[in-house]
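Worksheet for the structure shown next.
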Amino acid sequence: MDRVRRGVAAAAALITASGLLAACAANADSGKAQLTWYINPDSGGQAAVAKSCSTDDYTITTQVLPQDASQQRIQLARRLAAEDPGIDIMSIDPPYTAEFANAGYLAPLPQELQDKLKDQSFKGATQAATWDGDLVVAPFWSNVQVLWYRKSFVKKAGIDMGRPVTWDQIIDAASKNGGKVAVQANKYEGYVVWINALIAGAGGAIVSDTEKGIDASIDIDSDAGDQAAAVIRKLARSKAAPSDLSVSNEGTAGATFGSPVGAFLTNWTYIWTNYDAAQPELKKDIGYARYPQTVEGKESRPPYGGIGVGVSKYSHHVDESLKAVECITNAKSQGLNAELTGNMPASAAGYEDPKLHKIYPDDLLKLFQDSLNAATPRSVTPYWSDISGSIQSTWHPPGSVGTSTPGDSASFIDDVLHGRRLL
Amino acid sequence: MSIATAATPATPSKPGKPDRPGKAVASDRAKAENRLGLKLVAPAVILMLLVTAWPMLRALYLSLFRYRLTTPDDRSFQGISNYTTILTDPLFWQDTLNTVIIMVVTVAVELVIGFAFAMVMHRIVFARGAVRTSILIPYGIITVVSAFAWQFTFSINNGWVNSWFEWLPWIGPDTNWFGAHWPAMFAIMVSEIWKTTPFMSLLLLAGLSQVSEDMLEAAQVDGATWWQRLFKVILPNMRAAIMVAVLFRALDAFRIFDNIYVMTKGAQGTESSSFLTYRQVIEQFQLGMGSALSVLLFLTVLLIAYLITKFFRVDLAQARGEG
């Protein structure tokens, strides 16, 4: 037994020693705090902001999260559940903000910072970042979808894009003239973004009373839900549907739009610069308009996306991190990030960056801002991933969407939230 | 394994019972050897208990709770209600059916192709090394990489399947392989078969080389045709090797995950049991429900292993050459 005990002791000593060594390495240049900011992958915008916001007191370094938003959520949540102090600052996708806040993973933002952020941010951005009456993350950049179209195609089809268009109109125009309407309809979050925008555009919502947790009111089985289902069914069964509709995401939809059959595309702001490298000739042909209406005459509610910056409660440097967040989300940083990545600022002040005006036409910047003010974020609830997953299960593939889909999804969401069904 | 057998005396014992010297006849030397044997295996047993038994018991415990990682306050004891929810849920049965279909089809196809490859590797006279190596290459490729390769192959945007097989009536440039259930299952199974057939053929090659040439020659002298030699001599003598190959591959195939994750992410109803478990635990943080699923998955794997050993009527110890 002695030998066993000695063996165990040796193993324990080894484990402790390696832990200490790792800790030493992390604090190599002591004195100055190292803040680690977990970012979603981008083309260098957040890294540049981290550099410009580093001070004599702390240095901000970035760590890149996975590409896919659900994978970002998984990695962050698992680390935070384990109270990992290695995360100080993180870039959080709006649908998971409430989940993190509700689980107590986020350090509260000081009231002063909250007021400042509420003042500067677009309405949609504030709404997406608010849980339980408090702003829990700082809106950093805000994305919105607009309707992109090919000028040549619209001319051929003879539609007046100066006035708001409906989904019915663009689907009909595309199918009559051999064009495609590119959307995001793979079995993933992006598909729910589309469904949410269609329902909101018809004046409805997927869920409400979300502060009741799993007993939130499920509103998807409504006229608005039916109208959304009708649009999806119409597109899926028309000639305007791209052949990869059921597996399409932002990237493939962009490729369809850039191909000879490209006609319409609903996608995020970055599409304007998307083709600069590979198909520069396309830019002359790209037009843009407000997101299509679900119901004629009713203002459309464009999808909202973006990133809020939060501070981990388990960080050893909460105060420094909060200071850093203030710098990261100020108008100057937002402008710098937008210029480098095409991810648009979360505030009107951020849009004043002169460099942005060189890259984007003024009317496009105005369209983005108008759209952001009208945008409807996905419902803010800690159970969003369950709700989104339930919708993906019942509404995918788009070709299967029918009149019973909204009702089926409502009862399925309820069953899943209450643990009666597997998702 | 070798340590355990070294500690047992070479006296014949009743089949089915572990070899253990009778207490009355054990000599001091045998006792000392036994003690040494126990000490030698102890670290491995303790390590196994720590890394295997503990998580298993923990999963069993967690499976009795409603417990979500991001709402820890919601945790409540549920008894076996997670199990009843799962066993009455159509999604669970659909995923189990998918998994069984994938397992049966891939193992059957792999057995046939793998046997053909094994014969080639066994009989080949020229360029033996090169042929054997090229047959084994797919097995050396990481499953995720092979899944991506096959996803690109079947992709509607940049794959070559649609253009190469356009002459088939049901394939056109617009065929979306991942757009419907059966085509997607087909693509997943092709990837799985391509990747693991070499493993099957390697195990079968080992069995093939154990078949005595004398017996084959005797059968030939007796006038047996090639088919008769295959079915009456080669295959019966390879039964243990075939069983091991089928058992390993069936259990592997039943736990299929990577190909599905990469190729469809479970869309079009192509989800497997492992994938369902993964989504509950990792994506939805449903530790209770996910643990219940993993317990059921474990029991199913045990059942399959039991059925296969029963079906082939082979003693595993014998298959290892310990009988």
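The values are calculated or read from the model by the stated rules, or taken from the named source; none is laboratory data. As the structure is a prediction and not an experimental result, all values here were calculated from the model. Please note: Cβ atoms are built from the backbone with ideal geometry, for glycine as well, and neighbour counts cover all protein chains shown.
Summary table
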| read-out | value |
| --- | --- |
| Failed item in (1) in the same structural domain as A:Tyr96 (by TED's automatic domain parsing); (2) without any contact (Cβ under 8 Å) to a residue 24 or more places away in the chain, with A:Lys155 passing the rest | (1) |
| Any chance A:Leu113 is surrounded by fewer than 24 Cβ atoms within 10 Å (Cβ to Cβ) and in a helix (DSSP H, G or I) | yes |
| Whichever residue in the range B:54-92 is in a helix (DSSP H, G or I) and among the hydroxyl-bearing types (Ser, Thr, Tyr) and, among such residues, is nearest to the other protein chains (Cβ to nearest Cβ) | B:Thr85 |
| Residue check, B:Asp95 within 14 Å of chain A (Cβ to nearest Cβ), surrounded by 15 or more Cβ atoms within 10 Å (Cβ to Cβ) and acidic (Asp, Glu) | yes |
| Total residues in the range A:239-255, condition surrounded by fewer than 24 Cβ atoms within 10 Å (Cβ to Cβ) and either more than 14 Å from every other protein chain (Cβ to nearest Cβ) or in a helix (DSSP H, G or I) (or both) | 6 |
| Residue among B:Ile188, B:Ile156, B:Ile234, B:Ile193 that is surrounded by 12 or more Cβ atoms within 10 Å (Cβ to Cβ) and within 25 Å of A:Val261 (Cα to Cα) | B:Ile156 |
| Unique residue being more than 14 Å from chain A (Cβ to nearest Cβ), out of contact with any Ser or Thr (no Cβ under 6 Å at 6 or more places or on another chain) and not small (Gly, Ala, Ser) when the list is B:Val51, B:Val105 | B:Val105 |
| Tally, over the range A:46-68, of residues that are crowded, with 19+ Cβ neighbours inside 10 Å and either in contact with a Phe, Trp or Tyr (Cβ under 8 Å, 6 or more places away or on another chain) or closer than 19 Å to A:Thr97 by Cα (or both) | 5 |
| Filter result for A:Asp276 (part of a loop (DSSP other than H, G, I, E, B) and away from chain B (no Cβ under 14 Å)) | yes |
| Any pair with Cβ under 8 angstrom, 6 or more apart, that starts in the range B:289-310 at a residue that is away from chain A (no Cβ under 14 Å) and ends at one that is outside any helix (DSSP H, G or I) | B:Val295/B:Ser63; B:Val301/B:Arg255 |
| Failed condition for A:Tyr96, given (1) over 22 Å from A:Gln184 (Cα atoms); (2) within 14 Å of chain B (Cβ to nearest Cβ); (3) of a type outside the set (Val, Ile, Thr) | (1) |
| Subset of the range A:322-344 (residues that are closer than 18 Å to A:Asp115 by Cα and surrounded by 24 or more Cβ atoms within 10 Å (Cβ to Cβ)) | A:Ala324, A:Val325, A:Thr329, A:Gln334 |
| Tally, over the range A:361-399, of residues that are within 11 Å of chain B (Cβ to nearest Cβ), within 15 Å of A:Leu198 (Cα to Cα) and aromatic (Phe, Trp, Tyr) | 0 |
| Subset of the range B:155-178 [part of a helix (DSSP H, G or I), under 21 Å from B:Asp258 (Cβ atoms) and within 14 Å of another protein chain (Cβ to nearest Cβ)] | B:Trp177, B:Phe178 |
| The range A:309-351 - residue that is charged (D, E, K, R) and either at pLDDT below 90 or closer than 16 Å to A:Val136 by Cα (or both) and, of those, farthest from the chain's Cα centre (by Cα) | A:Asp319 |
| Sole exception among (1) of a type in the set (A, V, I, L, M); (2) in the same structural domain as A:Gly31 (by TED's automatic domain parsing); (3) surrounded by fewer than 21 Cβ atoms within 10 Å (Cβ to Cβ) for A:Val309, by number | (3) |
| Pick from the range B:244-284, criterion acidic (Asp, Glu) and away from chain A (no Cβ under 14 Å), ranking: surrounded by the most Cβ atoms within 10 Å (Cβ to Cβ) | B:Asp258 |
| Qualifying residue in the range B:191-206 (condition: assigned to a helix (DSSP H, G or I), under 30 Å from A:Pro397 (Cα atoms), within 14 Å of chain A (Cβ to nearest Cβ) and under 23 Å from the mean Cα position of the chain (by Cα)) | no |
| Conditions (1) at pLDDT 90 or above; (2) touching a helix residue (DSSP H, G or I) at 6+ places or on another chain (Cβ under 6 Å); (3) in a helix (DSSP H, G or I); (4) not polar (S, T, N, Q); number of the one not met by A:Lys366 | (2) |
| Residue check, A:Asn186 assigned to a loop (DSSP other than H, G, I, E, B) and either of a type outside the set (Phe, Trp, Tyr) or over 20 Å from B:Ala267 (Cβ atoms) (or both) | yes |
